[in-house]
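Data block below; observations after.
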Amino acid sequence: MTSRPPSVDIVIRSYHRDERWLALALRSVELFVTGHRDVIVVIPRTSSTRMDVPAGVRLHICPDADDDYLGQQLTKLHADLLTDAALILHLDSDQVFTRRCDLRERLWENGRPRMAFSSGDRRSPRDGWRRSPSEFFGRAVHHDLAVPLPLAVPRHVYAAVRDHSLRAHGVPIEEYARRAGPAAFSEAALLRGHAYLFEPERYAWQDTRDADPFPECLTFWSRAETPASVAHRLPGPLAALAARP
Amino acid sequence: MRQGQRAGEWVPGGAGEPFVRVVEGALSREECRRVVDLMAGVAGQAGPVLRKSADVVDVRMRHCREHMVGAQEGRVVVAAMVRVASEVHAGVGEEIRLDGPKFCSYSPGEYFRAHRDRSADPHDPPAVRARRLTVVCVLNDTEPDGGLPVFDGGGVGSACAAGRRCGGGQGRAAGGGVAGCFRCRASARGAAGQIGDQILGHRLDLRPGRAGRVNRADKKGPAMRNLHDDVNERLEVRVTDDVLGAYRPELAGFLGACGLGRLLEEVFVPLAGTARTRTAVAYEERPWPPAGVGARALRGLGLAVVSEDGQALLTPVILTPQHRTNIGLSAALLKILLEDLGTQDIDWVAVFVNQRSQLVAGELASVGFEPREARVVTGQAEFTAYAGRPADVLERLGLGGVRLGDVLALNLERPLVTKLAALQFALAEGVKNYWADDPQWAEVFPGLIDWAALPPGGITGTPGPGVDPIDPVIVIPR
């Protein structure tokens with residue numbers, strides 16, 4: 001008798017400027033990704049009147065943030081409130097799957113969720129994002145946990161991070177993020193930081209210097225690239241969508 | 001159900017999809033030609049889709065035109081559809097009604113992507129929720145010698161005839177020099193006991209696109225974009241109650257770029273200390289890093305000074321010189337400001353207009369502003385308050401039910417764009433002489449009035465006998 005695999009939902013926090021990227025990402029998930037349950041898209045209220053979200057996803061409208069760069073990080077830190085999935089996979093709008101990816105295989109190793117980190121020094125030890133888990137948890141973190149998404153997190157971690165903000169800093173995580181500012185706050189590093197500092201044995205740690213943790217997924221940079229500009233790097237069905245004006 | 005199509009059996013539409021039946025020769029070529037000519041004789045409108053119980057034009061989903069064809073002229077199509085629907089429905093024991101048809105044309109490059117004609121949304125019309133069957137009557141031919149536009153499963157012209165079929169309900173037209181693709185579609189629904197006439201109570205319901213919205217391609221062609229589209233897509237637009245606190249560096253840069261740098265110290269700083277304001281701002285963000293000096297640049301703002309008793313004074317939208325013709329942006333700022341004022345329990349918004357103005361007064365009156373008793377008197381001119389209710393003004397402007405994204409993209413009907421442009425240009429030009437310290441020639445007095453410095457009672461202070469108590473009287477010392 002085999003145990004039933006934990007449920008996985010995909011959460012994408014987007015906004016109006018990434019509308020075309022989002023459509024591309026969702027189409028890539030539709031074409032290539034299996035092993036998940038729902039795709040949840042979260043956009044701020046002001047964006048909801050400026051963009052369409054393709055059918056087939058669960059759409060959540062979140063409040064507007066004065067600084068949406070922090071706002072999108074805070075949305076991710078509350079992802080457990082959007083779904084009851086056991087494991088939540090965070091993708092960005094500008095992340096596109098180009099090959100088949102079965103999340104039941106990709107996200108686990110020997111029954112433990114995979115968690116990425118970097119032992120390298122691509123990011124300086126004094127870098128704000130790299131230092132953010134040390135600053136937040138008050139304990140040394142020698143590795144770089146601010147490596148890019150995708151990131152899969154067990155649902156109990158979110159509440160633990162938010163509780164830590166209240167207990168250790170006396171403020172909700174929103175206020176902590178505002179005080180830290182976007183250059184010194186990384187939601188991915190905090191989520192990984194909790195795993196790294198408090199329950200490392202529960203994860204299969206994967207050094208990004210050794211292997212790409214998500215080789216099926218290409219990460220672009222929506223602030224500088226457009227879907228059309230990267231269409232040549234995508235497989236046929238996605239290239240046609242990306243190239244559309 | 002088209003000329004030259006193999007007829008007869010049901011074919012599956014795909015796994016889990018309903019079955020499709022093709023019926024040959026339901027209309028003669030001559031009948032098709034007459035309907036095509038009828039459709040070609042009327043301009044048509046952008047075909048809408050049903051979203052949240054409202055017809056909206058969404059060019060990413062549907063890009064074609066719907067044509068008004070009268071009941072009499074379209075009866076041959078209706079009759080053919082009813083014949084087919086009755087045959088399909090035979091033996092079900094339920095009577096049917098036909099919901100449509102819609103007469104649609106597809107120019108090269110146009111489409112209607114995969115979709116469902118039936119909805120499960122309880123807010124949608126019952127007719128839509130009860131649909132059982134879709135009938136599509138293609139008015140084209142597969143061979144060009146019949147004199148009809150050539151159609152081949154979704155493409156038009158020789159390129160498609162060579163094998164570029166389209167599936168999944170997507171009618172993708174390719175080039176080929178023919179007029180385009182014409183078709184009629186209708187849905188039948190179960191409706192026991194509701195038979196109307198001999199054609200099963202059909203109605204020719206050619207629903208127009210939602211007022212104010214239009215298919216972008218209708219005005220510029222599918223590949224054309226507005227001059228300001230790229231930047232408008234990047235802009236953040238929002239309303240703040242603390243423009244000075246949240247955007248002071250950006251405001252300084254913006255006013256400087258507009259040649260109004262002195263207003264920062266002369267107006268905005270003192271105003272922030274004494275008055276309650278709501279300001280719609282549009283700013284562009286630097287790609288990276290997203291914070292720090294120079295990370296944001298204001299491109300436009302619209303400001304309202306608001307009172308505690310539900311009134312607001314508007315200052316015309318100011319745009320940087322590069323955006324002078326960016327009517328999508330000015331309209332978007334006005335829209336979000338008026339919507340915000342509505343949520344702030346603001347009953348009236350007012351603009352002060354030179355008593356000798358016809359241009360601005362006329363533009364404001366055309367969108368729901370009315371002259372009131374309140375006035376500002378300077379040494380050189382007298383300005384009268386034109387006031388309107390925020391929701392009414394939005395509606396009269398045609399901005400009430402339109403998505404912000406459509407406004408920014410000017411995805412609007414041409415008359416509405418003209419109306420918005422006239423209002424913005426009139427207000428923006430009308431206030432310029434005030435900014436130039438020449439109020440005698442200003443048509444608009446900006447609403448940057450310091451409530452706390454007004455006569456006793458502020459702008460809604462003692463109005464005097466016989467004057468509407470909501471009408472303010474303001475006198476600027478000579």
Single residue of the range A:11-60 satisfying the filter (free of Cβ contacts under 8 Å to residues at least 40 places away in the same chain and acidic (D, E)) that is farthest from the other protein chains (Cβ to nearest Cβ): A:E30
Residue in the range A:72-87 that is within 14 Å of another protein chain (Cβ to nearest Cβ), touching a helix residue (DSSP H, G or I) at 6+ places or on another chain (Cβ under 6 Å), buried (at least 17 other Cβ atoms within 10 Å of the Cβ) and not in a loop (DSSP other than H, G, I, E, B) present: yes
Scan of the range B:363-376 for residues that are surrounded by fewer than 16 Cβ atoms within 10 Å (Cβ to Cβ) and farther than 29 Å from B:L416 by Cβ, ordered by number: none
Residues of the range A:169-211 classified as of a type in the set (K, R) and either away from chain B (no Cβ under 14 Å) or assigned to a strand (DSSP E or B) (or both), total: 3
Scope the range B:395-431; condition within 14 Å of chain A (Cβ to nearest Cβ), surrounded by 23 or more Cβ atoms within 10 Å (Cβ to Cβ) and assigned to a helix (DSSP H, G or I); matching residues: B:D406, B:V407, B:L408
Filter result (surrounded by fewer than 16 Cβ atoms within 10 Å (Cβ to Cβ) and over 23 Å from A:P154 (Cβ atoms)) within the range A:97-118: A:R99, A:R100
Per-region count, the range B:361-383, residues at pLDDT 90 or above and either of a type in the set (S, T, N, Q) or under 11 Å from B:L338 (Cβ atoms) (or both): 3
Counted residues, the range A:212-222 - those being away from chain B (no Cβ under 14 Å) and either farther than 23 Å from A:L103 by Cβ or not hydroxyl-bearing (S, T, Y) (or both): 7
Search result, residues across the range B:310-359 that are in a helix (DSSP H, G or I) and over 28 Å from B:R403 (Cβ atoms): B:L359
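Here is a yes/no grid of residues against (1) under 20 Å from the mean Cα position of the chain (by Cα); (2) at pLDDT 95 or above:
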residue: A:L191; (1), (2): yes, yes
residue: A:A195; (1), (2): yes, yes
residue: A:W205; (1), (2): yes, yes
residue: A:C217; (1), (2): yes, yes
residue: A:S222; (1), (2): yes, no
residue: A:S229; (1), (2): no, no
residue: A:P235; (1), (2): no, no
residue: A:L241; (1), (2): no, no
Qualifying residue in the range A:1-13 (condition: touching an Asp or Glu at 6+ places or on another chain (Cβ under 6 Å) and modelled with pLDDT of 95 or more): yes
Yes/no for B:A387 being in contact with an Asp or Glu (Cβ under 7 Å, 6 or more places away or on another chain), among the hydrophobic types (A, V, I, L, M, F, W, C) and not in a helix (DSSP H, G or I): yes
Residue list for the range B:286-321, filter: over 30 Å from B:T384 (Cα atoms) and either within 14 Å of chain A (Cβ to nearest Cβ) or under 28 Å from the mean Cα position of the chain (by Cα) (or both): B:R286, B:P287, B:W288, B:P289, B:P290, B:A291, B:G292, B:V293, B:A295, B:R296, B:A297, B:L298
Qualifying residue in the range A:119-127 (condition: farther than 29 Å from A:E19 by Cα, surrounded by fewer than 19 Cβ atoms within 10 Å (Cβ to Cβ) and in contact (Cβ under 8 Å) with a residue 24 or more places away in the chain): yes
Lone unmet requirement of (1) within 17 Å of A:E201 (Cβ to Cβ); (2) touching a residue at least 24 places away in the same chain (Cβ under 8 Å) for A:A85: (1)
Filter pass, B:E265 being under 24 Å from B:F445 (Cβ atoms), part of a loop (DSSP other than H, G, I, E, B) and more than 14 Å from every other protein chain (Cβ to nearest Cβ): no
Some residue of the range B:46-67 being out of contact with any Ser or Thr (no Cβ under 7 Å at 6 or more places or on another chain), of a type in the set (A, V, I, L, M), crowded, with 21+ Cβ neighbours inside 10 Å and at pLDDT 75 or above: no
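What residue, of B:N232, B:N226, is more than 10 Å from chain A (Cβ to nearest Cβ), at pLDDT below 95, surrounded by 17 or more Cβ atoms within 10 Å (Cβ to Cβ) and closer than 14 Å to B:Q322 by Cβ? Break it down into steps so the answer makes sense when it comes.
Numbers: B:N232 fails: more than 10 Å from chain A (Cβ to nearest Cβ).
It is B:N226.
The values are calculated or read from the model by the stated rules, or taken from the named source; none is laboratory data. In this text the structure is predicted, and so the values were computed from the model without any measurement. Note that we place each Cβ from the backbone using ideal geometry, even for glycine, and neighbour counts take in every protein chain shown.
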